[in-house]
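Only one structure is covered here, and it is reproduced in the block below.
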Amino acid sequence: MALIVQKFGGTSVGDAERIRSVADHVARTRAAGHDVVVVVSAMGKFTDDLIRLADDVSPTRPPRELDMLLTAGERISMALVSMALGACGVESASFTGSQAGIITDSEHTRAKILEMRPERIREALAAGLVPVVAGFQGVSTERDITTLGRGGSDVTAVALAAALGADVCEIYTDVTGVFSADPRVVAKARRLPRVSFDEMMEIAATGGRVLMLRSVEFARRHSVPLHVRSSFTWEPGTWIVEEDPTMEEAVVSAVTDDTSEAKITVSGVPDRPGIAAKLFRELADRGINVDMIVQNTSLNGMTDISFTVGKTDLAAAIVACEKVKDEIGAAQVTSDDNIGRVSIVGAGMKSNPGVTALMFETLSTNGINIEMISTSSIRISCVLRADRVAEAVRHLHTAFGLDGA
Ligand code: ADP
Ligand code: ASP
Ligand code: MG
């Protein structure tokens with residue numbers, strides 16, 4: 001008998017029929033003799049709808065109130081899933097993040113988990129119930145309700161699996177696993193049966209939203225086996241596992257795309273020690289995550305610094321840069337939210353020369369201009385015009401031999 005955490009994303013609980021289907025699957029897992037903890041997202045696009053409503057009434061969206069609002073989405077689905085389980089003859093009880101003992105810091109809308117105290121979940125399991133936990137939410141040390149960032153139900157599921165010592169954390173979604181590219185962008189994308197934690201972290205960090213990045217980091221740190229699979233076909237999906245040294249690594253496993261970021265350029269920056277530190281300290285102090293950074297070669301003691309941030313952080317990042325610009329005597333701050341990023345990811349890249357050249361050749365043959373480049377040992381990313389991203393992904397998918405039948 002195993003303990004299984006089963007997380008169901010928005011589409012998987014999108015309407016009453018989907019919820020009944022989820023309940024039926026949980027009932028069958030129970031009937032096979034396993035203990036199950038269920039984690040749910042808000043139904044369909046409900047979180048987006050709530051954000052739009054907030055925008056309609058408030059230009060500033062106070063973060064504490066936004067969190068209070070958004071957590072309502074998961075509260076609805078947890079109660080409905082629990083009721084549907086009852087109708088299948090499975091005893092269950094629903095729990096908010098706070099009731100499930102998910103203690104976070106006070107960074108509203110992007111809170112981090114500080115501690116897990118899932119006593120009530122343990123008690124429910126011991127009493128033979130299936131606990132149904134609202135994903136994406138917790139309670140702060142200041143006793144306010146928080147959310148864990150978009151896609152955060154994945155983190156709830158992995159954190160509970162780690163705290164309860166679950167045998168596996170199953171992430172049920174609307175595709176049959178992790179693919180060699182977003183199947184909505186590349187029709188010929190193939191499902192990958194296994195992906196290493198290293199590769200999955202790069203895929204998640206560069207736009208493959210099938211798993212939230214922090215959930216992958218958490219799963220690796222706590223050795224939680226992750227299985228991404230479909231709540232429509234229920235077939236086995238993709239296992240995220242530690243690299244198997246006996247397996248030949250694919251040179252390139254996946255191509256990802258991301259149009260969620262914008263670029264900021266601070267130009268006419270005096271090329272002196274401490275200037276970049278001042279700029280990025282100001283951004284960090286405002287809780288803004290910076291992704292790619294490029295600094296040009298200096299000319300006459302002046303240089304330009306460009307970097308990318310999430311579009312949702314763009315306005316705040318510009319304010320921070322304008323402040324530092326005046327302090328350091330830089331010339332100007334400009335921004336561009338019409339960019340996108342394509343990346344290729346593969347553990348075998350380390351030992352195969354020529355991967356970078358083939359990526360750049362593929363883009364240039366198709367007349368696609370590269371604006372920024374960044375690399376890790378198993379990833380190469382290029383920033384392009386946003387409207388060229390989808391075709392770039394398809395060309396790269398073909399060029400690296402990833403197209404399926
Ligand atoms: P959920 O609501 O179940 O959490 P998400 O929308 O967050 O679902 O994530 C699933 C989506 O991720 C898929 O519908 C797919 O379009 C997208 N996706 C992006 N890249 C990939 C990839 N490499 N493999 C699989 N799905 C991907
Ligand atoms: N409902 C939240 C979101 O849309 C959390 C999640 O689905 O994981 O971001
Ligand atoms: Mg998701």
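The values are calculated or read from the model by the stated rules, or taken from the named source; none is laboratory data. Being a predicted model, the structure only gives us computed values, none of them experimental. Using ideal geometry, Cβ is built from the backbone for each residue, glycine included, and neighbour counts are taken over all protein chains shown.
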*Considering 76, 19, which residue is touching a helix residue (DSSP H, G or I) at 6+ places or on another chain (Cβ under 7 Å) and within 16 Å of ligand 1 (Cβ to nearest atom)?*
19
*What about residue 259, is it at pLDDT 90 or above, within 17 Å of the chain's Cα centre (by Cα) and polar (S, T, N, Q)?*
yes
*If you scan the stretch 27-47, which residues turn out to be within 16 Å of ligand 1 (Cβ to nearest atom), at negative phi and not basic (Lys, Arg)?*
38, 39, 40, 41, 42, 43, 46, 47
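Please specify each residue of the stretch 138-151 satisfying the condition of being over 15 Å from the mean Cα position of the chain (by Cα) and in a strand (DSSP E or B). Don't jump to the end; show me each part of the working.
Of all residues in the stretch 138-151, those over 15 Å from the mean Cα position of the chain (by Cα) come to 138-146.
The answer is 138, 139, 140, 145, 146.
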*Mind checking which residues of the stretch 15-53 are buried (at least 16 other Cβ atoms within 10 Å of the Cβ) and small (Gly, Ala, Ser)?*
21, 23, 27, 41, 42, 44
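If a residue has to be of a type outside the set (A, V, I, L, M) and within 9 Å of ligand 1 (Cβ to nearest atom) to count, how many in the stretch 196-215 make the cut? Give the derivation first.
Keep residues of the stretch 196-215 that are of a type outside the set (A, V, I, L, M), which gives 196-199, 202, 206-209, 214-215.
From what's left, within 9 Å of ligand 1 (Cβ to nearest atom): 207-209.
Qualifying residue count, the stretch 196-215: 3.
Consider residue 154 carefully, then state whether it is of a type outside the set (Ser, Thr, Tyr), surrounded by fewer than 24 Cβ atoms within 10 Å (Cβ to Cβ) and in a helix (DSSP H, G or I).
Judged against the criteria, residue 154 is not a match.
Quick check on my filter: what residues within the stretch 103-160 are among the small types (Gly, Ala, Ser) and away from ligand 1 (no atom under 16 Å from the Cβ)?
Hits for the stretch 103-160 are 106, 111, 124, 126, 127, 128, 138, 140.
If you go through the stretch 89-104 one residue at a time, do you hit one that is among the β-branched types (Val, Ile, Thr) and within 20 Å of residue 35 (Cβ to Cβ)? Explain how you work it out, then say what you get.
We begin by selecting, within the stretch 89-104, every residue among the β-branched types (Val, Ile, Thr); these are 90, 96, 102-104.
Applying the additional criterion that residues be within 20 Å of residue 35 (Cβ to Cβ) yields 90, 102.
Checked against the condition, which is being among the β-branched types (Val, Ile, Thr) and within 20 Å of residue 35 (Cβ to Cβ), the stretch 89-104 yields at least one hit.
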*What is the number of the single condition among (1) among the acidic types (Asp, Glu); (2) touching an Asp or Glu at 6+ places or on another chain (Cβ under 9 Å); (3) modelled with pLDDT under 95 that residue 337 does not meet?*
(3)
*Within the stretch 41-69, can you find the residues that are of a type in the set (A, V, I, L, M) and near ligand 2 (Cβ under 10 Å from one of its atoms)?*
42, 43, 50, 51
*So which of 375, 356, 308 is hydroxyl-bearing (Ser, Thr, Tyr), under 30 Å from residue 402 (Cβ atoms) and assigned to a helix (DSSP H, G or I)?*
356
*Quickly run through the stretch 219-254 and pick out the residues that are in contact with a strand residue (DSSP E or B) (Cβ under 8 Å, 6 or more places away or on another chain) and within 16 Å of ligand 3 (Cβ to nearest atom).*
219, 226, 227, 228, 229, 230, 231, 237, 238, 240
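Of the residues 121, 171, which single one is of a type in the set (A, V, I, L, M, F, W, C), part of a strand (DSSP E or B) and either away from ligand 2 (no atom under 16 Å from the Cβ) or within 22 Å of residue 226 (Cα to Cα) (or both)?
Values: 121 fails: part of a strand (DSSP E or B).
Answer to the check: 171.
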